[in-house]
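What follows is calculated from the coordinates using simple rules that are stated; it is not laboratory data. Keep in mind that what you see is a predicted model, and the values were worked out from it rather than measured. In this analysis, Cβ positions are derived from the backbone assuming ideal geometry, glycine residues included, and neighbour counts consider all displayed protein chains.
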Amino acid sequence: MTKINLLPWREAYRAQKQQEFFAIMLAGALVAGGIVYGGMQFMQSKIDFQERRNAYIQQQIDALQSELKEIKELESTKNKLLARMDIIQTLQTQRPELVHIFHELANRLPDGIYLTSMDQKGRQVVLTGRAESNARVSALMRRLDQSDWFENPELDIIEADDQQGISSFKLSLAIESRNSDDEDAFNGS
């Protein structure tokens with residue numbers, strides 16, 4: 001039989017297979033590198049897209065924040081205007097009441113008494129004046145107590161001046177709360 005030496009052929013075949021292996025490895029590495037690079041580019045595009053969305057959302061949030069600030073300022077202005085309207089409404093409803101109070105004081109004031117000042121804080125009134133005698137001050141207190149507009153008259157101070165024969169007094173009383181029906185009845189009459 002003939003002997004055939006297959007070693008050079010095997011070495012050539014092995015070298016060819018090794019070159020093919022390295023070529024496949026290189027191609028695989030290039031494909032893997034391309035896939036990794038493409039994946040990175042894809043992820044970077046997604047990140048950029050999300051950052052643009054976040055910037056847009058932040059821009060819209062800033063716009064809404066400025067609108068909310070304007071709304072709060074408008075709400076504050078509205079509340080101030082409503083408070084002013086309430087004050088005006090209260091003054092409008094109290095305007096006839098002041099006329100009643102002065103009218104009632106003028107009708108209830110006995111002869112010989114002169115008021116020097118009147119101070120009102122809320123529903124409390126402080127009257128200061130002069131009287132010819134203590135009996136006239138007590139007559140004033142009785143008349144004020146009988147009034148439908150005043151309640152709880154209390155004498156705070158009374159001082160007699162013996163040289164002039166005149167007493168100085170300070171009297172406090174409360175204005176009775178009136179409902180709107182009573183005021184409407186007065187306005188209608």
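A few comments on the model shown:
- Pairs meeting the criteria (first residue in region 102-129 and small (Gly, Ala, Ser), second residue surrounded by 17 or more Cβ atoms within 10 Å (Cβ to Cβ) and not in a strand (DSSP E or B), beta carbons under 6 Å, at least 6 apart or on different chains) are Gly112/Arg136.
- Per-region count, region 106-130, residues basic (Lys, Arg) and surrounded by 13 or more Cβ atoms within 10 Å (Cβ to Cβ): 2
- Pairs where the first residue, in region 81-98, is surrounded by 10 or more Cβ atoms within 10 Å (Cβ to Cβ) and the second is in a helix (DSSP H, G or I) and not hydroxyl-bearing (Ser, Thr, Tyr), C-beta under 8 Å, 6+ apart: Thr93/Glu183; Pro96/Glu183; Pro96/Phe186; Pro96/Asn187; Glu97/Glu183
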